[in-house]
Each structure stands twice: as C-alpha cells, then as structure tokens.
1. So for the pair Lys235, Cys73, with labels modelled 7 Å out along Cα→Cβ, what separation do we get in nm?
2. Could you sort out which of Lys133/Lys235; Lys154/Lys184; Lys143/Lys235; Lys154/Lys235; Lys133/Lys168; Lys168/Lys235 sit more than 20 Å apart by Cα distance in this structure?
3. Quote the accessible area belonging to Arg198 in square angstrom, nearest 10, computed with a 1.4 Å probe and with ligands, DNA and RNA left uncounted.
4. Stretch Val47-Glu60 to full length: gain in nm at 0.36 nm per residue minus the Cα-Cα span?
5. What number comes out for the charge environment of Gly167, summing +1 per Lys or Arg and -1 per Asp or Glu over other residues with Cβ under 14 Å away?
6. Trp58: accessible area at probe 1.4 Å, nearest 10 Å²?
7. How much of Leu66 can a 1.4 Å solvent probe reach, expressed as accessible area in Å² and rounded to 10?
8. Once you have the Cα-Cα distance between Asp128 and Glu186, take 0.36 nm times their residue separation minus that, and quote the gain in nm to one decimal.
Amino acid sequence: MKKILFSVIILSVFISSGCTNFPGNKAPAPLNQDNVPSQMVGGDRDVHGCIGSAGYSWCEAKQKCLRIWEEKCEDIATQESREVGTVQEPENTAAVEIIPSEVTATQTLAIEPAKPLRMPAEDTSGWDSYQNKAFGMEIKFPKSWEGYKVTEGKDTDSSYVGFSFIGKGQPFTIFKISRYDNQKWESLANQAPYNSLRVLSGNDERTLVCDGCCFNDGDFLGGGQFNEFQIARCKDVPRILNTFQEL
C-alpha cells in the first residue's frame with residue numbers, strides 16, 4: 001500500500017512540473033512579440049543548402065550560395081572580360097559597314113575648278129578669235145556666230161562678259177562668262193543657283209565660271225525664251241568653249 005501511494009505522488013509531481021519532453025518530441029519554437037512562433041536563422045536551407053533567411057541564394061553560374069549584394073552571380077568568363085576591359089562579341093554577328101554621309105553641316109567642301117568639257121578637236125583656222133586680258137582668256141567663234149555682240153558689265157558678286165546677237169534684233173544673251181575672286185566664289189559655290197554653273201578655269205586670284213553655257217538640253221531653250229535662231233546658236237556654245245585657253 002505504501003509503495004502504491006509513493007508511486008502516485010511521484011507521478012503527480014512529474015506531471016505538474018511540465019516534464020513532458022520525452023525522447024523524440026521537438027522543443028516548441030520560441031514566440032516573438034506577437035506570440036507567433038518565429039523561424040530560427042539557419043533553419044530554412046533550400047535544396048542547395050543555401051540559407052534564405054541569411055540572404056543567401058543559389059548561383060548556378062558559380063555553383064555556390066552567395067549574397068547578390070556582396071558578389072554578383074555571373075559566369076567566370078564574363079567576369080574576367082570585365083576585369084581586363086574587354087567585351088566578348090556574340091557569335092555569328094554579321095559585319096556592319098559604316099558609310100559616312102556625303103556632306104554634313106560641319107564639313108567644308110574643297111572647291112576645285114572643273115576643266116571645261118573637251119570635245120573632239122575641230123579645224124578652227126577660219127574661226128573668229130576673242131581675247132579678254134582682264135579675264136586672262138581666249139575663245140573662238142565659228143562662222144555661224146558671225147556678227148555676235150560682246151557686252152561687259154558687273155553683277156553684285158562678279159564681273160562678266162556676255163555674248164549675244166542683240167544688235168541683230170535678238171533680245172537675249174546666249175551665254176556669259178563671269179569672273180569671281182576666289183574667296184567670293186568659295187563662299188557661293190555650294191549655294192543655288194551658283195552650284196549649277198560650270199567652272200571653266202581658276203588660278204591663284206580668280207575663278208572663271210560659265211553661265212547658260214548650253215551643256216544641258218534645258219539650256220537650249222533659254223528658260224523658254226529662245227527662238228529658233230537663238231536655240232541654234234546655243235547648240236554651238238559647247239564647241240566654242242572647247243577652244244577656251246588661258247592667256
């Protein structure tokens with residue numbers, strides 16, 4: 001009877017003391033201030049063994065756990081190329097040819113005198129010779145230009161000599177040759193209408209330019225004002241300029 005009573009007392013004391021952690025039972029997780037069980041750091045390893053609560057994640061390129069703010073997750077080849085200041089070119093990249101534009105706003109074009117259009121040589125022994133020492137030039141006129149008139153004058157930017165048949169009742173100049181100082185011509189050469197004119201000759205001081213020289217089909221009509229006689233004389237102009245010589 002005494003043994004039974006003693007066993008009951010011992011069992012009661014054991015239960016009241018809360019000693020119920022038998023082998024195999026896990027200790028309850030500690031509670032945080034909201035009485036919610038908190039997860040212990042290190043208790044959340046993923047399949048790679050990386051501890052997420054400590055900021056670690058798996059880097060496939062480096063095959064290890066790392067903190068991305070401490071160490072970037074990139075392959076070794078890329079890291080080495082960055083260290084030496086090089087960038088690997090992607091494979092099968094097509095070559096691209098960069099072709100500079102013809103003229104930009106900041107470029108300055110070099111103005112070089114163009115040589116007059118040369119045609120097959122003709123026998124000009126019977127042609128009339130015209131010389132102008134101020135312009136430093138000589139040209140010859142065929143028989144069809146007999147009776148032509150020479151007019152000299154000045155424009156805003158140049159001096160000129162014009163050739164026409166005004167004295168024979170033909171009101172328009174067929175063509176004219178203008179003399180520009182080189183500095184003035186270079187400032188105008190790329191502007192309309194000057195960029196459509198043909199440069200005949202140039203030296204250290206001046207540039208000679210032909211205006212309305214009938215090299216193009218449209219010139220033959222003189223802007224729609226030439227009659228048949230003037231159109232025929234216009235077609236002779238390339239032959240005349242083929243005799244151009246500097247004095």
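1. Here the modelled spin labels are 8.5 nm apart.
2. Lys133/Lys235; Lys154/Lys235; Lys133/Lys168
3. Approximately 80 Å² for this residue.
4. Values: separation 13, 0.36 × 13 = 4.68 nm, distance 1.28 nm.
Between Val47 and Glu60, full extension yields an extra 3.4 nm.
5. Local charge sum for Gly167: +2.
6. 80 Å²
7. Here the accessible area works out near 10 Å².
8. 17.6 nm
The values are calculated or read from the model by the stated rules, or taken from the named source; none is laboratory data. Note that the structure is predicted; figures quoted are calculated from it, not measured. Because the Cβ atoms are built from the backbone with ideal geometry, glycine has one as well, and the counts that use them run over all protein chains shown. Surface accessibility is based on the protein's heavy atoms, side chains included, excluding ligands, DNA and RNA. Shrake-Rupley method; radii C 1.70, N 1.55, O 1.52, S 1.80 Å.
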